[in-house]
Amino acid sequence: ATPTAVMVGTGVGASQGVLIKGGQALESAHKVNCIVFDKTGTLTVGKPVVVNTRLLKNMVLRDFYELVAATEANSEHPLAKAVVEYAKKFREDEENPIWPEAQDFVSITGHGVKAIVQNKEVIVGNKSLMLDHNIDIPIDAEEMLTETEGMAQTGILVSIDGKLTGVLAISDPLKPGAREVISILKSMDVRSILVTGDNWGTARSIANEVGIETVIAEAKPEQKAEKVKDLQACMQTVVFYIQSFNFCLDLYSLFLLQASGYIVAMVGDGINDSPALVVADVGMAIGAGTDIAIEAADIVLMKSNLEDVITAIDLSRKTFTRIR
Ligand code: ADP
Ligand code: MG
């Protein structure tokens, strides 16, 4: 494409709320044949709400939520915000709730939080966080977790003084049109993959709802980036072959390159997506996402619409196939 065509392309993008940071980003997008989607805030609305609470110990709901909110009030995580928001309804002054002081607050990335509140040790997070603290998970808690995950919700466990006390179900619905976007991408020969820090059960349910077949769950930020590299790797292997073996093999390799090399786009909104956004051939950040993700990306979807993933690829395809 001519420089003018690239300028026109980025200009059209900008006018549609698709911010393309330079010609290279616009060029790479037309070759994308695999997209890795983050879950929370990318495929889902990203405004989770508590929809259910089950107490396993004899405790007043108000007292339970006081301890949980006092702990979560120190976390920036969307799930923490959902919990604090929900806990407000048990306070006298809902608008300006005052939580008890939390001491020794610790945030365990990708797992949850803990603190000492009113001399009690409060741990809020996923199953592996509980197991790491040697907390037994009773059968009814397991059952509620399974049920919750089956409904594509996230189950959060609460332990107080070493005893599992409650299970919260938190719902974060799919963005409208998400399913259609995945199906249109499929028709454009672009494969979609879901990668999330959330648990396998919830991840599979969401993937099922949205029509994605390949799922990676319980992924740490570096693992999200690793997955992107893996998808690109078939191609790296092939390039190695091309350099090392005879001409016949080169031809075969070129064939393989066509068949299995993925040009990968990553779509995400969180700090935990930024390593993957950098590693991907094209990093696309959701406009409503964190500044760090927006900085790490090559393309920013200013309107935070998933449809704009298609807009970006379309624009790139038009710019780079017309002029050739
Ligand atoms: P995602 O990739 O979906 O944004 P994260 O990697 O941030 O997820 O978190 C993974 C899991 O760790 C969450 O699904 C939740 O179970 C648990 N978790 C993380 N932070 C918190 C928190 N502040 N409160 C409760 N649970 C948390
Ligand atoms: Mg996210």
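The values are calculated or read from the model by the stated rules, or taken from the named source; none is laboratory data. Just so it is clear, the structure is predicted and the values come from calculations on it, not from any experiment. Neighbour counts are summed over all protein chains in view; Cβ atoms, including those assigned to glycine, are modelled from backbone coordinates with ideal geometry.
Does any residue of region 225-238 turn out to be under 25 Å from residue 112 (Cβ atoms), in contact with a helix residue (DSSP H, G or I) (Cβ under 7 Å, 6 or more places away or on another chain) and either away from ligand 2 (no atom under 16 Å from the Cβ) or at pLDDT 90 or above (or both)? Quick ask: steps written out before the conclusion?
As a first pass, look at region 225-238 and keep what is under 25 Å from residue 112 (Cβ atoms): 225-227.
The next check asks that each one be in contact with a helix residue (DSSP H, G or I) (Cβ under 7 Å, 6 or more places away or on another chain); those that pass are 225.
Retained after the next criterion (residues that are either away from ligand 2 (no atom under 16 Å from the Cβ) or at pLDDT 90 or above (or both)): 225.
The answer is yes, given that some residue of region 225-238 is under 25 Å from residue 112 (Cβ atoms), in contact with a helix residue (DSSP H, G or I) (Cβ under 7 Å, 6 or more places away or on another chain) and either away from ligand 2 (no atom under 16 Å from the Cβ) or at pLDDT 90 or above (or both).
When 75, 128 are checked against the criterion of being hydroxyl-bearing (Ser, Thr, Tyr), modelled with pLDDT under 95 and within 16 Å of ligand 2 (Cβ to nearest atom), a single residue qualifies: 75.
Of the strands (runs of 3 or more DSSP E) lying entirely inside region 117-218, not one is found with 3 or more residues being farther than 26 Å from residue 62 by Cβ and over 16 Å from the mean Cα position of the chain (by Cα).
Of everything in region 181-201 that's over 15 Å from residue 267 (Cα atoms) and in contact (Cβ under 8 Å) with a residue 60 or more places away in the chain, which residue is surrounded by the most Cβ atoms within 10 Å (Cβ to Cβ)? Here the answer is 198. The residues of region 210-219 that are in contact with a Lys or Arg (Cβ under 7 Å, 6 or more places away or on another chain) and either farther than 19 Å from residue 277 by Cβ or in contact (Cβ under 8 Å) with a residue 60 or more places away in the chain (or both), listed by number, are 210, 211, 215. The criterion of at least 1 residues that are buried (at least 17 other Cβ atoms within 10 Å of the Cβ), away from ligand 1 (no atom under 14 Å from the Cβ) and of a type in the set (Asp, Glu) is met, among helices (runs of 4 or more DSSP H) falling completely within region 1-87, by 23-29, 61-72.
Determine, yes or no, whether residue 161 is under 21 Å from residue 106 (Cα atoms), acidic (Asp, Glu) and within 15 Å of ligand 1 (Cβ to nearest atom). Here the answer is no, as residue 161 does not meet what is asked. Please verify whether region 54-77 includes one or more residues that are farther than 26 Å from residue 267 by Cβ and hydroxyl-bearing (Ser, Thr, Tyr). Yes, region 54-77 contains a residue that is farther than 26 Å from residue 267 by Cβ and hydroxyl-bearing (Ser, Thr, Tyr).
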